[in-house]
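So the structure is just underneath, and the comments pick up after that.
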Amino acid sequence: MNSTEILNLKNQDVTENGTYKHTLQPIVTGTSVLGLKYKDGIMLAADCIASYGSLARFRNVQRLHPVGKATILAGSGDMSDFQHVQNLLEGVMLQEHCFDDEQEIGTKSIYKILSNVMYSRRTKVDPLWNKFIVAGIENGESFLGYVDLYGTTYQSPVIATGFGSHIAIPILRKYAEPRASDLTEAEASEILDNCMRVLYYRDARSFNKIQKAKVTSAGIEITEPYSLSTNWDFAESIRGYGA
Amino acid sequence: MTSIGTGYDLAVSTYSPDGRLFQVEYAEKAVDNSGTAIAIRTKDGVIIAVEKIVSTVLEIPGSSRRIFPIDHHIGFGSSGWVPDIKRLIGIARDEAWEHRKSYQMPIPPKMLADRVALYIQAYTLYSSLRPFGASPMMAGMHGDEPYLYLFETSGAYYGYWGCATGKAKQLAKTEIEKLDLSNLSTRDAVKEAARIIHTVHDDSKDRLFELEMSWVCKESEGKFTRVPQDLYNEAVEYAKHSNNDDMDDDEEL
Amino acid sequence: MIAMTEAAAKQNNRWEPYVDNGGTSLAIAGEDFCIIASDTRQSEGYSINTRYDSKLHRDSFNFRTEKISLATTGYSADAKNKHDKEMHSHSIAQMISIIQYQKRFFPYYVFPILGGLDQEGKGCVYSYDPVGNMERVGFQVYGSASGLIQPFLDSQVGFKNQQNVDKTRLLSKQEAYDIAIDSFTGATERDIYTGDFLEVYIIDKDGIKKEVRQLKFD
């Protein structure tokens with residue numbers, strides 16, 4: 001490849017010797033997102049922080065993204081890749097709107113499109129560095145699915161990404177999964193708050209400003225960011241860590 | 001050719017001695033051959049109605065529509081050559097999407113109108129090009145404010161409270177002028193639009209037609225969508241009813 | 001194993017595009033039937049992603065990440081349209097091999113097992129490696145518990161370690177079914193990547209019967 005050809009590849013990152021540069025690590029990242037099925041639909045939770053390494057870089061970021069009228073995309077991992085995916089899906093939704101057939105693309109289709117994108121990018125060994133939860137309601141049926149940078153997909157009544165898969169999943173499996181079909185909204189909300197609180201205590205990349213979202217037959221609702229109550233009294237009794 | 005164009009109509013890049021562009025005017029003729037399209041702007045929205053002429057009963061109802069969404073908040077209604085229109089639709093959609101991607105914001109109708117007009121105008125400059133045989137109308141919202149534009153084949157465009165193109169544009173315009181547009185509700189505008197299309201439709205020339213209606217307004221949450229089926233039915237009912245009344249009046253006279 | 005470790009991948013300055021999601025699949029061919037079974041657990045490391053992710057796609061695959069979707073068991077909807085008749089098992093078997101070999105230098109990290117009936121109505125099992133080597137066998141097990149189940153099948157289905165028996169004898173349907181179930185209940189005890197549910201397909205001249213059984217949830 002000569003230099004002119006290299007210059008022509010505007011959108012690719014090309015190094016001096018003509019090889020492609022691919023993402024090898026995420027840069028600005030969001031930590032865990034959680035999702036569970038309950039009686040009336042699906043509920044999701046995520047905090048509002050985007051970290052730059054260990055720096056709490058952006059502290060007012062929305063990571064629960066509505067797609068259409070009955071689907072929410074929750075993203076963890078690289079935030080620029082997440083935003084790229086948001087744009088991509090916005091394009092898909094606009095294309096659908098332009099068909100003018102009075103139909104909107106459903107949750108499962110969005111999930112399928114997204115997982116195809118993720119898998120094709122991993123096959124190019126240039127992944128979108130994310131772990132996503134897709135949640136929504138289609139034909140009265142609730143849907144909760146996961147897709148990540150490998151294109152790995154699965155569905156489950158409770159899903160958590162990143163640190164949450166270690167810390168929140170045991171809580172969700174105990175309190176939410178066995179009762180998914182009769183869990184009330186208040187109970188679901190409380191379980192998620194508790195999970196987010198435990199994550200805030202243990203995950204150094206998390207934050208106590210969080211948002212929740214739900215999809216029910218009535219549509220999407222995303223809460224304003226709010227703070228979780230925490231109790232650090234126990235820190236008084238801890239000695240030997242600089243205090 | 002000799003009688004009208006007298007040689008000044010061989011290319012769009014040539015003016016006639018009296019300063020006309022014949023090719024552009026011919027394009028207008030092409031538009032005047034197609035079904036009528038009208039649009040009405042009210043306080044809080046715009047409604048587009050198109051008389052899609054159906055040439056054979058074999059055509060599948062609802063196919064090859066003449067109203068096109070461009071973005072969530074903008075749509076085109078059209079008269080003229082359908083393939084030409086589709087080219088403009090493509091341009092408009094690209095422009096709208098690029099704006100969205102670049103600014104995370106829907107394109108203001110005014111801005112899109114300007115860009116589409118520029119594109120139409122460019123096709124009046126070169127001898128190797130043929131002007132668009134299309135005169136689309138654009139309905140859109142910017143915040144709560146409705147906008148309506150009509151593009152001419154020259155690339156000129158104006159904002160309107162009401163406009164019409166196609167076969168019966170004169171008659172349709174006269175009908176729209178009778179309406180009290182500053183007080184008309186958008187729902188009533190839908191009914192009037194249906195009535196006008198039914199009124200101006202010429203049964204003796206084109207036997208079959210389909211009425212297409214889309215709107216963008218407060219009620220549609222700022223989205224350019226088809227008029228809801230129940231309102232559509234109501235409007236058609238109203239249109240047929242008032243036309244029958246007219247006929248009764250005629251008989252009385 | 002094909003997969004490099006994460007550390008090795010970093011040293012090579014390249015992202016490792018494969019993951020192992022665990023799980024086990026097996027198939028046993030009989031005289032006029034075939035049994036295919038697979039657990040439904042999907043894992044990543046020590047975490048269980050989900051307890052129900054089907055690995056049987058009307059035929060049997062293993063290792064999730066790269067799932068090629070082929071419908072089979074002596075039947076493929078796509079192929080049927082093209083040929084206007086049902087596709088034979090051996091044709092599907094060959095097709096899978098070709099699809100895999102097409103990606104010889106960036107393989108699909110899957111170990112497919114194809115089970116069904118052949119043209120003569122005899123039970124058949126085809127097994128593959130990730131790049132399309134194919135062999136028709138009497139029984140096959142792949143996946144995270146293959147090391148536990150293979151010797152069991154060698155003994156109980158292939159009679160490999162037995163003396164004074166007819167080693168060509170094929171199992172009855174009930175025998176094969178019981179061995180398939182026992183294989184998984186046994187494997188579940190020792191392999192953390194195998195468990196939750198067991199999907200069993202029993203294929204004979206009457207068609208395909210699907211069964212779902214509980215495995216241990218731990």
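What follows draws every value from the coordinates through simple rules; no lab data is involved. These numbers come from a predicted model, not from an experiment. Backbone-built Cβ (ideal geometry, glycine too); neighbour counts: all protein chains shown.
Projected onto the charge dipole of the stretch B:85-131 (+1 at Lys/Arg Cβ, -1 at Asp/Glu Cβ, origin at the Cα centre), which of B:SER127, B:ILE85, B:ALA117 gives the Cα projection farthest towards the positive end?
Farthest towards the positive end: B:ILE85.
Using only the alpha-carbon atoms of the stretch A:12-138 as identical scatterers, what base-10 log of I(q)/I(0) does the Debye formula give at q = 0.14, 0.21 Å⁻¹?
Log-scaled intensity ratios, in q order: -0.69, -1.25.
Cα atoms only, the stretch A:109-243: Rg and Dmax in Å?
Gyration radius and largest Cα-Cα distance of the stretch A:109-243: 17.5, 57 Å.
List the lysines whose alpha-carbon lies under 17 Å from that of B:LYS218, not counting same-chain residues fewer than 8 positions away?
Here the lysines satisfying the reach criterion relative to B:LYS218 are B:LYS43, B:LYS191.
Just the number: Rg to Rh for the stretch B:6-149, Cα atoms, Kirkwood Rh, two decimals.
Numbers: Rg = 16.7 Å, Rh = 16.5 Å.
On the Cα set of the stretch B:6-149, Rg over Rh gives 1.01.
Filter B:LYS167/B:LYS205; C:LYS103/C:LYS209; A:LYS69/B:LYS86 down to the pairs with a C-alpha to C-alpha distance above 21 Å, please.
Values: B:LYS167/B:LYS205 11 Å; C:LYS103/C:LYS209 33 Å; A:LYS69/B:LYS86 28 Å.
Distance filter (> 21 Å) returns C:LYS103/C:LYS209; A:LYS69/B:LYS86.
PRE reach from B:GLU221 (point 7 Å along Cα→Cβ): which of the stretch A:83-104 fall under 12 Å by backbone N?
A:104, by backbone N distance to the label point.
Once every DSSP H run of n ≥ 4 in chain B is given -39500 (n - 2.57) and the sum is divided by its residues, what mean residue ellipticity at 222 nm do you get, rounded to the nearest 500 deg cm²/dmol?
-12500 deg cm²/dmol
Set the Förster distance to 41 Å, then compute FRET efficiency between B:LEU171 and B:ARG20 from the Cβ-Cβ distance, nearest 0.05. Please list the in-between numbers first.
Working: r = 26 Å, r/R0 = 0.63.
Efficiency, rounded to the nearest 0.05: 0.95.
By a straight-distance test (C-alpha under 24 Å), which lysines pair with C:LYS216 as possible cross-link partners, with residues fewer than eight away in the same chain excluded?
Correct list for C:LYS216: A:LYS37, A:LYS174, C:LYS55.
Give the residue from A:PHE234, A:SER120, A:THR216 lying farthest towards the positive end of the charge dipole for chain A; charges sit on Cβ (+1 for Lys and Arg, -1 for Asp and Glu) and the dipole is referred to the Cα centre.
A:PHE234
Place the peptides A:47-56, B:212-221, A:27-36 in order of packing, highest mean first, counting for every residue the other Cβ atoms within 10 Å and averaging per peptide.
Values: A:47-56: 16.4, B:212-221: 21.8, A:27-36: 25.1.
For the peptides A:47-56, B:212-221, A:27-36, the packing ranking is A:27-36, B:212-221, A:47-56.
Kirkwood Rh, Cα Rg: Rg to Rh for the protein assembly as shown? Don't jump to the answer; show the numbers that get you there.
Details: Rg = 32.8 Å, Rh = 30.5 Å.
That ratio is 1.08, to two decimals.
With a ≥ b ≥ c the root eigenvalues of the C-alpha gyration tensor of the stretch B:22-246, is it rounded (a/c under 1.5), prolate (a/b larger than b/c) or oblate? Intermediate values should be presented prior to the final figure.
Values: a/c = 1.68, a/b = 1.17, b/c = 1.43.
Since a/c reaches 1.5 but b/c is at least a/b, the shape of the stretch B:22-246 is classed as oblate.
I'd like the FRET efficiency for C:SER91 and B:LYS110, computed as 1/(1 + (r/R0)^6) with the beta carbon distance as r and R0 of 56 Å, rounded to 0.05.
On the way: r = 62 Å, r/R0 = 1.10.
Calculated transfer efficiency: 0.35.
Round to the nearest 0.05 the FRET efficiency obtained for C:ILE99 and C:PHE159 when R0 = 30 Å and r is the Cβ-Cβ distance. Working shown, then result.
Numbers: r = 34 Å, r/R0 = 1.13.
Efficiency, from the Cβ-Cβ distance: 0.30.
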